[in-house]
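Handing you this structure, nothing more for now.
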Amino acid sequence: MTRLLAGLAAFALLLTGCSGKPAESGGPIKLTVATFGEFGYEKLFDEYEKAHPGITVEGRVADFETHHRQLATGLGAGRGSADVVAIEEQYLPKFRQSTDKFTDLSEFGAQDLRANWPGWKWDQGTANDGKFVMGLGTDMGSLALCYRRDLFANAGLPTDRDQVAALWPTWEKFAETGEKFSSRAPDVKFADSAGTIYTAMLNQAQENYFAKDDTFVGDTNPNVRKAFDLAGGMALKKETAAVTTFTQPWTVAIKQSRFAAITCPAWMLTQIEEAGGPELAGKWDVTSVPGKAGNWGGSFLTVPKQGEHRKEAYDLAVWLTAPEQQKRIFLESGLLPSALGAYQDGAVLSHTSKYFSDAPVGKIFAASAEALRPNYRGLRDGEVRPVYGHALGRVEEGRQTLDQAWTQAATEGRAAAAK
């Protein structure tokens, strides 16, 4: 999915959408679906309407932060939310505290769908020890590593994706590869930013900023400090282009071939292709990430309780997240399915990307998904996470040493967790 994560510049005005007026007996029903970024649903809406006479479906798209902020506002006001609303996994812990504002999808038989998803994905969308089904899983952001074959060749590095993967079985080896690349190709940065490296490493750890009892451990957890030091160390050596993902400078850096590698979930491939344009087709490739797995994003479709047509909204959410629809979305839009029957489907596993040198992207991302182990996101994860990203940015800009940035991030992170 075109996942626009924290730090992404807004690309659309908020259109959270409201439920249509209560339908008269036998009258038409209008359902609104609110997402952040494009989920690949527009064609599916048309198909659903044809199969369900009397129902019209309207999509509402907003940027990541605005979408979740306005959802909270709408829930608090008791009006203004769409009939079906997407929630990204980092915000789930916070909204899980307001289950009284959401429909328990078990009311309509959602528990019978449990086998459609891996256990960890299903559990993420539940509350109250799994008794309350809050949302149905859409995509997941299993990780891979996108790299420029031509730039690697210029630096005397292997270009074959299996040989490239062998360069970095660990993040320490990844950093060594970056140092070797930079010494041989001083005019090109190895990676896009310290932030993407840091995020990928952190998302491989089962615990990062918060323990499972929601105690803040971001300043004491060795997983956090290890990722911060390695990513920040690469920034200090000027091996990163210091461009924030999805911003205009990031797009320009791709277009101008200013960096050679980036950690990438499946939904990012479309962003890279759009930024690079046809002239870079066949120059990018995809291989496995250090550690073989990881997760960057993933969402759920929920049904706010305030809606007038909750059963119809639930039926739509079930259809949109069914394996067949998730498979189609991946093949058309590149958003990796979370449904077992979709990402294990032969058509998905055999899917390749012409733009990315015919890389077997279905196989690569599915393998990453199989090895994925979810990590716990605390209630204040959305507030704490950007603090560390900003700290790494200060290191890249040369405004702070690594220790100074860490000390400030740890202090600000603890304060954000306590709000």
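The values are calculated or read from the model by the stated rules, or taken from the named source; none is laboratory data. All figures in this text were calculated on a predicted structure; none of them were measured in a lab. Note that we place each Cβ from the backbone using ideal geometry, even for glycine, and neighbour counts take in every protein chain shown. In case anyone asks, the SASA skips ligands and DNA or RNA and just uses the protein heavy atoms, side chains included. Shrake-Rupley method; radii C 1.70, N 1.55, O 1.52, S 1.80 Å.
Residues are listed down the side, and each one gets a yes or a no for (1) open to solvent by 70 Å² or more (accessible area, probe 1.4 Å); (2) charged (D, E, K, R); (3) in a loop (DSSP other than H, G, I, E, B); (4) at pLDDT below 95:
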position	(1), (2), (3), (4)
L4	no, no, yes, yes
T16	no, no, yes, yes
E24	yes, yes, yes, yes
G27	no, no, yes, yes
K30	yes, yes, no, no
A34	no, no, no, no
F45	no, no, no, no
E49	no, yes, no, no
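Here's another thing I want to ask about it. Does the stretch 328-387 hold any residues that are in contact with a strand residue (DSSP E or B) (Cβ under 8 Å, 6 or more places away or on another chain), open to solvent by 50 Å² or more (accessible area, probe 1.4 Å) and among the aliphatic types (A, V, I, L, M), and which are they?
Selection gives L379 alone.
Then there's this: Could you list, in sequence order, the residues of the stretch 333-368 that are without any contact (Cβ under 8 Å) to a residue 12 or more places away in the chain and either farther than 20 Å from L280 by Cβ or of a type in the set (A, V, I, L, M) (or both)? If you could, list the steps in order and put the result at the bottom.
Let us first name the residues in the stretch 333-368 that are without any contact (Cβ under 8 Å) to a residue 12 or more places away in the chain, namely 346, 352, 358, 360.
If the condition is that a residue be without any contact (Cβ under 8 Å) to a residue 12 or more places away in the chain and either farther than 20 Å from L280 by Cβ or of a type in the set (A, V, I, L, M) (or both), then G346 is the only one that fits.
(1) more than 30 Å from T35 (Cα to Cα); (2) touching a Cys at 6+ places or on another chain (Cβ under 6 Å): which one isn't true of F152, the others all being true?
(2)
Moving on. Do you know which residues across the stretch 351-388 are at pLDDT below 95, touching a Phe, Trp or Tyr at 6+ places or on another chain (Cβ under 8 Å) and part of a loop (DSSP other than H, G, I, E, B)?
L372, R373, P374, R377, G378, L379, R380
Okay, next question. Would you check which residues across the stretch 224-244 are assigned to a helix (DSSP H, G or I), open to solvent by 70 Å² or more (accessible area, probe 1.4 Å) and either of a type in the set (A, V, I, L, M, F, W, C) or modelled with pLDDT under 95 (or both) and list them?
L236
Do we find a residue being open to solvent by 10 Å² or more (accessible area, probe 1.4 Å), assigned to a helix (DSSP H, G or I) and of a type in the set (D, E) anywhere in the stretch 191-214?
Scanning the stretch 191-214, I find no residue that is open to solvent by 10 Å² or more (accessible area, probe 1.4 Å), assigned to a helix (DSSP H, G or I) and of a type in the set (D, E), so the answer is no.
I'd like the residue in the stretch 56-91 that is in a loop (DSSP other than H, G, I, E, B), of a type outside the set (S, T, Y) and over 20 Å from the mean Cα position of the chain (by Cα) and, out of all such residues, is nearest to L31 (Cα to Cα).
Looking only at the stretch 56-91, we keep the residues that are in a loop (DSSP other than H, G, I, E, B), and these are 63, 78-83.
Narrowing further to those that are of a type outside the set (S, T, Y): 63, 78-80, 82-83.
Of the ones still in play, those that are also over 20 Å from the mean Cα position of the chain (by Cα) are 78-80, 82-83.
On the way: G78: 17, R79: 15, G80: 13, A82: 8, D83: 6 Å.
Once the filter is applied, the top-ranked residue is D83.
Anything in the stretch 138-152 that is assigned to a helix (DSSP H, G or I) and either in contact with a His (Cβ under 9 Å, 6 or more places away or on another chain) or open to solvent by less than 10 Å² (accessible area, probe 1.4 Å) (or both)? List them, or say none. Walk me through how you get there before you give the answer.
Restricting attention to the stretch 138-152, the residues satisfying the condition of being assigned to a helix (DSSP H, G or I) are 149-152.
F152 - this is the single residue of the stretch 138-152 that is assigned to a helix (DSSP H, G or I) and either in contact with a His (Cβ under 9 Å, 6 or more places away or on another chain) or open to solvent by less than 10 Å² (accessible area, probe 1.4 Å) (or both).
Output the residues belonging to the stretch 59-70 that are free of Cβ contacts under 8 Å to residues at least 60 places away in the same chain and open to solvent by less than 50 Å² (accessible area, probe 1.4 Å).
Of the residues in the stretch 59-70, the ones free of Cβ contacts under 8 Å to residues at least 60 places away in the same chain are 59-63, 65-67, 69-70.
The answer is G59, V61, A62, D63, T66, H67.
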